[in-house]
Amino acid sequence: MKVTKNQRLHSLDILRGLTIIFMIIVNTPGSWNHVYAPLLHAEWNGITPTDYIFPTFLFIVGVSIVLSFTKQIEMGKSQSEMTKKVLIRALKIYGVGIILWLWPGFNDCLVNGSCLDLSIDNIRWVGVLHRISFVFLACALLFLFTSRKIQVYIGIALLLFYWIIMVYVPVPGIGFPDLSIPEKNWAHYIDSLLLPGKLWEDTWDPEGILSTLPSVSTGIMGMLAGYILLKKEELVKKINQIFFLGFLLLFLGDLLQWFFPLNKNLWSSSFSLLMGGISSIALAASLYVFDFKQTHYKFQFAHAFGVNSILAYSLSSLLTVIFYSSKWWGISLNVEFMGLWENSSLPLKLGSLIYALFYVLIIWVPTYYLFKKKIFIKL
């Protein structure tokens, strides 16, 4: 089977949609006191299945840049025009990240008249959407202004630089890094020194300044998969090449973890490589199942999330003030649900998961409506 230039790859949208679905499940359990271990991030060194989600999304960002921008260039768009759109889109995504962080405070201000949380000192200037905007901006500009070979070199250089500075370079006032402790590394030092506002972990942030560098490499790995998809070859051959890319990245990540532990909070170089491998294999499997076997029509639930991914993620954050707060209804729906579930004698972790799945269905309703109407909201 051949994929023409104008034929959209359903696998990319469905895989993106699955990552958003799992993001929502992980971020919105019925109770944080009752969550199955695989649905929690690793506290520090090590990984869980939940740690696969965000890197996979960034990997898909890289794939999408290559496919979308190549098409735009073929349509005659100029480099300056595309650069302007890249800058505007990156700012929009970053701006939405700031708005979502401020939203609970704005809600308190609206309902209770308490607007203290809206002060500039309480803003978290980095986060999930913020990192997406940085990775999109970096990878898009690399695509527009550098060659594929230079992009590979930059991706490797970022991982090597991050490995050396995080493992071998002494930290001022601390000495040689100790990666078994969150506070004894360069990422923590730079975040505490340079990041204004509120940090996720008080003195450092898992989406902080220095750890953004290897996450750009994750996007570049996605770009490599995107270049494979542009080849004028049979889809099966391209799937095999992406599988091989995944195997290579997995091997390198597994090898490097002996020198630089797997750590999602630090986005260690080994983590970046291993997740690039897992993302490549996930993409290859999706290509085979959804595009080669043409089963995409059976996965419209995930497809709907994938074509409006930022919107779906944003809705899941905005609606928490209704489904996870007592300020609108006088009761907290998730607390009431978990209270009723506790009386059933069924496992509380199961009830917490079912509430999260119910919340996914709530977000799916407007998302699927837009999907059926072929309305795709792009920032």
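How many residues does the range 146-179 hold that are β-branched (V, I, T), in contact with a helix residue (DSSP H, G or I) (Cβ under 6 Å, 6 or more places away or on another chain) and in a helix (DSSP H, G or I)? Break it down into steps so the answer makes sense when it comes.
Step one: of the range 146-179, the residues β-branched (V, I, T) are 146, 150, 152, 154, 156, 164-165, 167, 169, 171, 174.
Subsequent filtering for residues that are in contact with a helix residue (DSSP H, G or I) (Cβ under 6 Å, 6 or more places away or on another chain) retains 165, 171.
Imposing the further condition that a residue be in a helix (DSSP H, G or I) reduces the set to 165.
Qualifying residue count, the range 146-179: 1.
Restricting to the range 169-214, name every residue that is of a type in the set (F, W, Y) and either touching a residue at least 40 places away in the same chain (Cβ under 8 Å) or within 15 Å of I123 (Cα to Cα) (or both). Show your work before the answer.
Going residue by residue through the range 169-214, those that are of a type in the set (F, W, Y) are 176, 186, 189, 200, 204.
Across the range 169-214, the qualifying residues are W200, W204.
Within the group L262, L315, which residue is among the aliphatic types (A, V, I, L, M), modelled with pLDDT of 90 or more and within 30 Å of P182 (Cα to Cα)? So that I can check it myself, show each step before the final result.
Details: L315 fails: within 30 Å of P182 (Cα to Cα).
Among L262, L315, only L262 is among the aliphatic types (A, V, I, L, M), modelled with pLDDT of 90 or more and within 30 Å of P182 (Cα to Cα).
Results for (1) surrounded by 15 or more Cβ atoms within 10 Å (Cβ to Cβ); (2) at pLDDT 95 or above; (3) over 19 Å from Y324 (Cβ atoms); (4) more than 24 Å from the chain's Cα centre (by Cα), shown as yes or no for each residue.
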| site | (1), (2), (3), (4) |
| --- | --- |
| M82 | yes, yes, yes, no |
| V86 | yes, yes, yes, no |
| I93 | yes, yes, yes, no |
| I99 | no, no, no, no |
| L102 | yes, no, no, no |
| I120 | no, no, yes, yes |
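So, of the residues in the range 238-291 that are hydroxyl-bearing (S, T, Y) and under 22 Å from L210 (Cα atoms), which turns out to be surrounded by the fewest Cβ atoms within 10 Å (Cβ to Cβ)?
Initially, the range 238-291 is screened for residues hydroxyl-bearing (S, T, Y), giving 268-270, 272, 279-280, 286, 288.
Retained after the next criterion (residues that are under 22 Å from L210 (Cα atoms)): 268-270, 272.
Details: S268: 29, S269: 29, S270: 24, S272: 35.
Across the range 238-291, the extreme among qualifying residues is S270.
Got a number for residues in the range 288-316 being outside any loop (DSSP other than H, G, I, E, B) and without any contact (Cβ under 8 Å) to a residue 40 or more places away in the chain? Even if it seems obvious, please write down each step before you answer.
Narrowing the range 288-316 to residues outside any loop (DSSP other than H, G, I, E, B): 288-292, 296-307, 309-316.
Within this subset, residues satisfying the condition of being without any contact (Cβ under 8 Å) to a residue 40 or more places away in the chain are 297-298.
Residues that pass the stated criteria total 2.
Which of the residues that make up the range 32-77 are of a type in the set (G, A, S) and surrounded by 19 or more Cβ atoms within 10 Å (Cβ to Cβ)? Give the derivation first.
Of all residues in the range 32-77, those of a type in the set (G, A, S) come to 37, 42, 46, 62, 64, 68, 76.
Those that are of a type in the set (G, A, S) and surrounded by 19 or more Cβ atoms within 10 Å (Cβ to Cβ): G62, S64.
Every residue, every condition in (1) assigned to a loop (DSSP other than H, G, I, E, B); (2) within 21 Å of P55 (Cβ to Cβ); (3) over 22 Å from the mean Cα position of the chain (by Cα), yes or no:
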{"position": "I181", "(1), (2), (3)": "yes, no, yes"}
{"position": "K184", "(1), (2), (3)": "yes, no, yes"}
{"position": "Y189", "(1), (2), (3)": "no, no, yes"}
{"position": "T203", "(1), (2), (3)": "yes, no, yes"}
{"position": "S215", "(1), (2), (3)": "no, yes, no"}
{"position": "I220", "(1), (2), (3)": "no, yes, no"}
{"position": "M223", "(1), (2), (3)": "no, yes, no"}
{"position": "K232", "(1), (2), (3)": "yes, no, yes"}
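The values are calculated or read from the model by the stated rules, or taken from the named source; none is laboratory data. Remember, it's a predicted structure, so these values are computed and weren't measured experimentally. Neighbour counts are summed over all protein chains in view; Cβ atoms, including those assigned to glycine, are modelled from backbone coordinates with ideal geometry.
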